[in-house]
Amino acid sequence: MTTVDIRRADDRFKTTIGWLDSKHSFSFGHHHDPRNTHFGLLLVNNDDVVTPGSGFDTHPHRDMEIVTWVLRGALVHQDSEGHSGIIYPGLAQRMSAGSGILHSEKNDSWRLSGGPRHADPVHFVQMWVLPDEAGKAPGYEQLEIADELLSGGLVPVASGMPEHEGASAIRIGQKHAALYAARLAPGAAVTLPEAPFVHLFVPIGTVSLERSGDLATGDAARITTGGQRVTAGPDGAEILVWEMHATVRMG
C-alpha cells in the first residue's frame, strides 16, 4: 500500500547560531526524536545556509556516504585524504567516510580561487546514507552535471545502484540507493521512481505532488512505492529525490 507522509518546512528541527542557519529533516546533533531518526537509508537531510568566511571546522566522520548539493554560492571542501575543492550549483559531490576521515566545509572560496572576498552566503543540502559495508577506505568524488540538469528531467546525482553504473552520477557505497535532482520550469513535471522508500525534498520553489497536494520550499514527502507525478509551480522548482530499496536495521 502506498503511503505519503508530508513533512512541512516549519516542523523541521532548527539550529541557528551566528554563522549558521540549519534545518534538519531528521534527528541531528542535540535534536533527538526517537520517532524521526531516518527514512529508508537516509539519516540526514540538512538544509544549511552559511555566512561568508565561516563554516564547519575540521571534524571527523566514519562509515557514512555523504552527498552535498549546493543551491546557491560556493562551498569549500578539504579533507585529511588530501582532497580539496570548491562545490557550486550543478556540481555533485560525495565523500565516503569509510574507516575514518576528517574534513572541513567553509564559505571562503576566495582562499582557493584567489579572487576577491565575497559577501554571499552559501546555501546547500547535505544528505547522509549508510554504506553497504563498514570500514572501507575513505574516498571522495565530484562531478559536473549542470548540462544534464538542462533537460528538466530527473538526473542521477549519486548512486550505488547497478543500473546507474556508467551513468552521469557519482558512485556511492550503497547499492540500494540513488539520489536524483531536477530543475523544473514552471508547470513542468517528472515522475518519481518506484521504490519501497522515496524521499522528495523541495529546496527551491513549489510543486504539486500527485494525489497529495502542494509542497512549498523546504517541504518534504516520505513515500512508500512512489510513481507519483511532481509538477512545478508558477515559478519553477528544484527538487532532490532519493530512491531507496532498503532501510536502516535498528537494534
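Brief remarks on what is shown
- For a modelled paramagnetic label at T191, 7 Å from Cα along Cα-to-Cβ, the residues of the range 111-154 in reach, with backbone nitrogen under 14 Å, are 154.
- Solvent-accessible area of E210 with every protein chain in place, 1.4 Å probe, in Å² to the nearest 10: 70 Å²
- Distance between the pseudo-spin-label points of E141 and M1 (7 Å out from Cα toward the beta carbon): 3.9 nm.
- Paramagnetic reach from H245 (point 7 Å along Cα→Cβ, amide N under 12 Å) across the range 190-218: 194-197
- The charge dipole of the chain, taken about the Cα centre with unit charges on the Cβ atoms of Lys, Arg (+1) and Asp, Glu (-1), comes to about 340 debye, rounded to the nearest 20.
- Charge context of T206, other residues only, Cβ under 12 angstrom, K/R +1, D/E -1: -4
- Positive-end residue of G82, S99, F28, charge dipole of the chain with Cβ unit charges: F28
- Oblate is the label for the range 112-251. Its Cα gyration tensor axes, ordered a ≥ b ≥ c, give a/c of at least 1.5 and b/c at or above a/b.
- Extension gain for the segment R117 to E165, taken as residue separation times 0.36 nm less the Cα-Cα distance, is 13.3 nm to one decimal.
- Taking Cα centre as origin and charging only the Cβ of basic (Lys, Arg, +1) and acidic (Asp, Glu, -1) residues, the dipole magnitude of the range 70-218 rounds to 320 debye.
- Relative packing of peptides 35-41, 236-242 - highest average C-beta neighbours within 10 Å first: 236-242, 35-41
- Per-residue accessible area (protein heavy atoms, 1.4 Å probe) orders T225, T58 as T58, T225, starting from the largest.
- The peptide list 122-128, 136-142, put in order of mean Cβ contacts within 10 Å with the highest first, becomes 122-128, 136-142.
- Portion, in percent, of the accessible area of the range 181-251 that falls on carbon or sulfur, probe 1.4 Å: 53 percent
- Distance (nanometres) between label positions extended 7 Å along Cα→Cβ at D10 and E210: 3.0 nm
- Inter-probe distance in nm under a simple model that places probes 7 Å from Cα toward Cβ, at L150 and W110: 3.2 nm
- Cα-Cα separations in the range 16-103 greater than 16 Å, expressed as whole percent: 62 percent
- Considering only the Cα atoms of the chain, their convex hull presents on average a projected area of 13.5 nm².
- Here the Karplus curve 6.51 cos²θ - 1.76 cosθ + 1.60, taken at θ = phi - 60°, turns the phi angles of the range 120-132 into couplings of 9, x, 10, 10, 8, 10, 10, 10, 10, 10, 6, x, 5 Hz, with x standing for Gly and Pro.
- Solvent-accessible area per residue in the range 62-196 equals 40 Å², computed with a 1.4 angstrom probe and all protein chains kept.
- Candidates per trypsin sites (Lys or Arg not before Pro) in the range 145-251, loop by DSSP, up to 12 other Cβ within 10 Å: R211, R249
- Karplus 3J(HN,Hα) series, Hz, for the range 73-84 with 6.51 cos²θ - 1.76 cosθ + 1.60 (x for Gly, Pro): x, 9, 10, 9, 10, 9, 9, 6, 8, x, 7, 8
The values are calculated or read from the model by the stated rules, or taken from the named source; none is laboratory data. It should be emphasised that the depicted structure is a prediction, and the values quoted were computed from it without experimental measurement. Positions of Cβ are backbone-derived with ideal geometry, glycine not excepted, and every protein chain shown enters the neighbour counts. We work out accessible area using only protein heavy atoms, side chains counted, and drop any ligands, DNA or RNA first. Shrake-Rupley method; radii C 1.70, N 1.55, O 1.52, S 1.80 Å.
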